[in-house]
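First the structure, in the form of C-alpha cells, and then the observations on it.
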C-alpha cells in the first residue's frame, strides 16, 4: 500500500458576493505554486462557476463527467498559470449524496489518486450560506473568510461564522480583508469582526492579511490574467504573495483527516445527513 501524505485542504469563502473571493482563490493558488507547492483549485461555485472564465479558459469537461464515470479527474483538470491545476465546477457535485455506493467509491478514489501529486487543495465556494457552501466548509481542514469594507460583508461573514460554530462546532477561522485602502483599514475590519465574535461566539479568528484595491487588479480581470502574473510587483500581487507565505507556514491539521479522500468522504456524509434531515 502506498504511503499517503497530508494535503492542506482549505475553503475560501465569504458571507456575501462581490468581495473578490474567486480572484483571491486563484491568485493565492498561483502564489503557492510559485513557492513550490503542487496546488489544485476546485471551483465549487455550483451556480456561477467562474475560475475558468477568470483565467480565459473554456473547459470541455468538468467534475460532472467524473461523477458519471466518463472521465478521470486528471482528464478534466486544466493546467493554469505556474502549474496551478483547476477542477472546473459542475452542478452535479450537489448530488454527491445521491450517488450509489460504487459511484461514491469511484469519486473518493479519484481524489485519493491525485493526493500523491497534491500539496494543497483550495476549494473556492459560492457566496452565501447555502447548504452546499456549508458542507464544503465543514469538509475542509481550514476555512478562510474574505471580507471587505462594507457593512453587509461583515454582517454576512459573522452570520456564516456563527452558523458553522453553533451548528457544527467549528471554532477556528482565518480572515482576509480584500480591496482595502490601507493596511490599517484591513486591521480595522478584522478588529470589528473580532469584537462581535468574542462577545457572542466561542471562536478564534486569525488575520492572514489585507489585499489593497489597486487599478492593476481591475486591469488583470479585463485581461483574464491573474494579477500575480500580469502585474507581479503591484501592491495587490505583493500582498497576495505575503498571505500565501503565511498560509504555507502554518502546520497542516492532519488530526482531522489530512487526505483528499477524507475530504470527499465528508462531503458525501454531510450531504447524506442533509437529505435525511
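Here is how the numbers come out for the structure above:
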| quantity | calculated |
| --- | --- |
| Residue within segment 182-199 that is out of contact with any helix residue (DSSP H, G or I) (no Cβ under 7 Å at 6 or more places or on another chain), under 20 Å from residue 244 (Cα atoms), touching a residue at least 24 places away in the same chain (Cβ under 8 Å) and part of a strand (DSSP E or B) present | no |
| Residue check for residue 244: crowded, with 19+ Cβ neighbours inside 10 Å, touching a residue at least 60 places away in the same chain (Cβ under 8 Å) and closer than 14 Å to residue 19 by Cα | no |
| Matching residues in segment 217-230 - criterion: being touching a residue at least 12 places away in the same chain (Cβ under 8 Å), buried (at least 17 other Cβ atoms within 10 Å of the Cβ) and either more than 24 Å from residue 250 (Cα to Cα) or touching a strand residue (DSSP E or B) at 6+ places or on another chain (Cβ under 6 Å) (or both) | 217, 226, 227, 229, 230 |
| Selection status of residue 194, within 20 Å of the chain's Cα centre (by Cα) and surrounded by fewer than 17 Cβ atoms within 10 Å (Cβ to Cβ) | no |
| Among the candidates 74, 62, residue that is more than 26 Å from residue 222 (Cα to Cα) and touching a residue at least 12 places away in the same chain (Cβ under 8 Å) | 74 |
| Failed criterion for residue 18 (all others in (1) modelled with pLDDT of 80 or more; (2) within 21 Å of residue 240 (Cβ to Cβ); (3) not in a helix (DSSP H, G or I) hold) | (1) |
| Test result for residue 46, modelled with pLDDT under 85, in contact with a helix residue (DSSP H, G or I) (Cβ under 8 Å, 6 or more places away or on another chain) and part of a loop (DSSP other than H, G, I, E, B) | yes |
| Scan of segment 231-241 for residues that are in a loop (DSSP other than H, G, I, E, B) and buried (at least 18 other Cβ atoms within 10 Å of the Cβ), ordered by number | 231, 234 |
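Residues are listed down the side, and each one gets a yes or a no for (1) modelled with pLDDT under 95; (2) closer than 24 Å to residue 55 by Cβ:
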position: 150; (1), (2): yes, no
position: 168; (1), (2): yes, no
position: 208; (1), (2): no, yes
position: 217; (1), (2): yes, yes
position: 220; (1), (2): yes, yes
position: 239; (1), (2): no, yes
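The values are calculated or read from the model by the stated rules, or taken from the named source; none is laboratory data. Keep in mind that this is a model prediction, so the values were computed, not measured. Cβ coordinates were reconstructed from backbone atoms using ideal geometry, including for glycine residues, and neighbour counts include every protein chain displayed.
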